[in-house]
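Worksheet for the structure shown next.
The values are calculated or read from the model by the stated rules, or taken from the named source; none is laboratory data. Bear in mind that the values here come from a model prediction, so they are computed numbers and not experimental data. Using ideal geometry, Cβ is built from the backbone for each residue, glycine included, and neighbour counts are taken over all protein chains shown. Note: areas computed on protein heavy atoms with side chains; ligands, DNA, RNA excluded. Shrake-Rupley method; radii C 1.70, N 1.55, O 1.52, S 1.80 Å.
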Amino acid sequence: MFDLVSHGPDTFVGEGPRYPWGGLYGGQVVAQALRAASSTVDDELLVHSLRAYFIRRGDHTEPVRYEVDRIRNGRSFVTRRVVARQAIGAILNLEASFQREEHSLDLRPIAMPIVPGPEDLVEEAWSKHFARRFVPSADVAPDGRDGMGRVMAWMRVHEPLGESQLMHRCWLAYLSDDLSTDAVVEAHPQREQFERDGSRYTASLDHAVWFHRPVRADVWHLHDISCHAFAGGRGLSMGYVFGADGAHVATIAQEVLLRDRTAR
């Protein structure tokens with residue numbers, strides 16, 4: 001899924017399958033861009049955050065060219081910028097920051113909600129590569145957390161990923177693009193109309209991930225996402241990723257464009 005071929009200094013080419021909705025999946029382009037950036041960084045530094053802007057819809061019929069800019073090489077932190085291009089032009093811009101391992105105080109102020117485990121839920125994934133099991137809204141107890149349209153799902157990659165933390169973080173970046181739109185739609189008062197008449201238009205505008213702790217994407221993690229704002233046709237989703245042991249491993253934010261196709 002994230003294999004890249006070198007096409008000269010700091011330039012890589014990747015491909016992606018056609019997804020059920022047509023075109024490329026934004027999470028795959030983000031993950032491949034992260035892999036490209038990581039290829040120019042020493043192995044002992046790990047990505048701790050990324051921010052991506054989705055510029056144009058990707059075309060699955062042609063490869064994607066990832067051009068890496070080495071913004072900064074520091075002793076503790078390294079910064080990279082990646083532009084993903086196809087024939088139409090740039091389709092994504094990503095910036096990522098990498099950190100050398102640093103020991104410090106470990107605080108966990110955000111607790112995982114108490115919900116049914118994945119073994120008790122129905123499989124609803126749209127790809128053969130991963131499992132996704134939604135937590136029914138009736139099983140989500142109010143806990144005072146901000147936002148509306150709360151969506152939760154247990155997710156994991158089917159194939160064992162080995163010990164490379166880079167690959168686990170690439171896969172988490174891939175999976176983290178999945179639920180943000182659901183949360184914005186769920187919070188919107190016209191959601192039932194959108195379901196009835198197919199008048200909904202959505203597009204991901206940007207995406208951010210902060211990696212707090214080591215993650216294993218090939219075991220179950222709970223993704224807990226809510227809509228925190230909606231204005232100008234843009235909904236902001238924010239949420240958390242928890243390991244089965246309750247560890248808060250990552251935080252996600254994404255702005256989603258949501259329009260009514262029939263509105264004038």
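Run the accessible area of the chain with a 1.4 Å probe and give the carbon-and-sulfur part as a rounded percent. List each step's numbers first, then the result.
On the way: 6600 of 13370 Å².
Its accessible area is 49 percent carbon and sulfur atoms.
Comparing mean-square fluctuations of His158, His248, His228 from a GNM of the chain with C-alpha springs under 10 Å, the top value falls on His158.
Count charges around Asp59 for me, please; just the other residues with Cβ under 15 Å from its Cβ, Lys/Arg as +1, Asp/Glu as -1. Before the final figure, lay out each step's value.
Numbers: positive: Arg18, Arg56, Arg57, Arg65, Arg85; negative: Glu15, Glu62.
So the environment of Asp59 carries a net charge of +3.
Relative contact order of the chain, taken over Cα pairs closer than 8 Å and 6 or more residues apart, is 17 percent.
Identify the GluC sites (Glu not before Pro) of the stretch 60-146 meeting these criteria: DSSP loop state and at most 12 other C-beta atoms within 10 Å of the C-beta. The partial results should precede the final answer.
On the way: sites: Glu67, Glu95, Glu101, Glu102, Glu119, Glu123, Glu124; in loops: Glu101, Glu102, Glu123, Glu124.
The qualifying sites are Glu101, Glu102, Glu123, Glu124.
Here the Gaussian network model covers the chain, with springs between Cα atoms less than 10 Å apart; of Val29, Val140, Val184, Val140 fluctuates the most.
Determine, at each q value in 0.10, 0.16 (inverse angstroms), the log₁₀ of I(q)/I(0) that the Debye formula gives when each Cα of the chain is one equal point scatterer. Debye intensities relative to I(0), on a log10 scale: -0.50, -1.31.
I need the shape label for the stretch 1-79. Rule: rounded when a/c is under 1.5, else prolate if a/b > b/c, else oblate, with a, b, c from the alpha carbon gyration tensor. Don't skip to the answer; put the middle values down first.
Details: a/c = 2.40, a/b = 1.84, b/c = 1.30.
Prolate is the answer for the stretch 1-79, as a/c is 1.5 or above and a/b outweighs b/c.
Give the accessible surface of the chain per residue, rounded to a whole number of Å², with probe radius 1.4 Å and ligands, DNA and RNA excluded.
Details: 13370 Å² over 264 residues.
With all protein chains present, the chain gives 51 Å² per residue.
With the whole protein complex present, Trp126 retains an accessible surface near 60 Å², based on a 1.4 Å probe. Positive-end ranking of Trp171, Gly235, Ala153 along the dipole of the stretch 153-254, with charges on Cβ about the Cα centre, is headed by Gly235. Of all the options Ser49, Ser164, Ser204, the one that moves most in a Gaussian network model of the chain with Cα springs shorter than 10 angstrom is Ser164. Using the Cβ of Ile88 as centre and a radius below 14 Å, the other residues enclosed give a net charge of +2, where K and R count +1 and D and E count -1.
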